[in-house]
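Readers should treat all values here as calculations from the given coordinates under stated rules, not as data from a laboratory. All values reported here derive from a predicted model rather than from experimental measurement. Don't worry about glycine lacking a Cβ; one is built from the backbone with ideal geometry, like all the others, and counts go over all protein chains shown.
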Amino acid sequence: MTDLKEARAMTNPYASLSTAELIRHLSEEVSRLVRDEIRLATLELTRKGKRAGRGAGLFGGAGVVALYGGGALVATVILLIAQVLTPWIAALIVGVALLIIAAILALTGKSQVSKATPPLPEEAIQSLKADVDILKESAHR
């Protein structure tokens, strides 16, 4: 019988501990596990944050390069038109065309923003009012 207890004690170091000691060990292990999980989550979020920062920087750089590319294309169009017309008239035509495109985009954007305001979930509010009306009606019955 004692051999069996000794064998269990060798395979399970917690076999000889009291319930209070086991609970204390459990509490310590859970605390350590939670701290380790928080540390792991912090490291993971730090790593992902660095990647996101690098990605945002690359997107910004791409935007700057695209802006310069767009400027080069505009200059190309001006030079192409300048083959037929005076260069200042070619630049004027391209400039006016770009301003017209910008105005159309601005008006379209303004229209979209005005449709989105006020920023209230109107359909949800109407649905909620209908639910309240149904509850009031059923309460009167």
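Please name which of Gly49, Ala75, Val65 has its Cα lying farthest along the dipole of the chain towards the positive end, using unit charges on Cβ (Lys, Arg +1; Asp, Glu -1) and the Cα centre as origin. It is Ala75. Normalised size of the chain, defined as Cα radius of gyration per 2.2 N^0.38 Å with N residues, equals 2.46. Note on the chain: with charges restricted to the Cβ of Lys and Arg (+1) and Asp and Glu (-1), its dipole about the Cα centre is near 440 debye.
So how strong a dipole does region 1-74 carry about its Cα centre when Lys and Arg Cβ are +1 and Asp and Glu Cβ are -1, to the nearest 20 debye?
Approximately 500 debye in magnitude.
Overall, region 72-141 carries a charge dipole of about 140 debye about its Cα centre when +1 sits on the Cβ of Lys and Arg and -1 on the Cβ of Asp and Glu, all other atoms neutral.
Considering only Glu122, Glu44, Glu28, the mean-square fluctuation computed in a Gaussian network model of the chain, springs between alpha carbons under 10 angstrom, is largest for Glu122.
Taking all C-alpha pairs of region 85-141, those more than 14 Å from each other amount to 74 percent. What FRET efficiency comes out for the pair Ser18/Glu44, r = Cβ-Cβ distance, R0 = 30 Å, nearest 0.05? The calculated FRET efficiency here is 0.20. Screening the chain for whole DSSP H helices with an alpha carbon extent of at least 18 angstrom along the helix axis and a mean Kyte-Doolittle hydropathy of at least -1.0 yields 19-82, 87-116, 122-140. Over all directions, the projected convex hull of the C-alpha atoms in region 1-74 averages 7.9 nm² in area.
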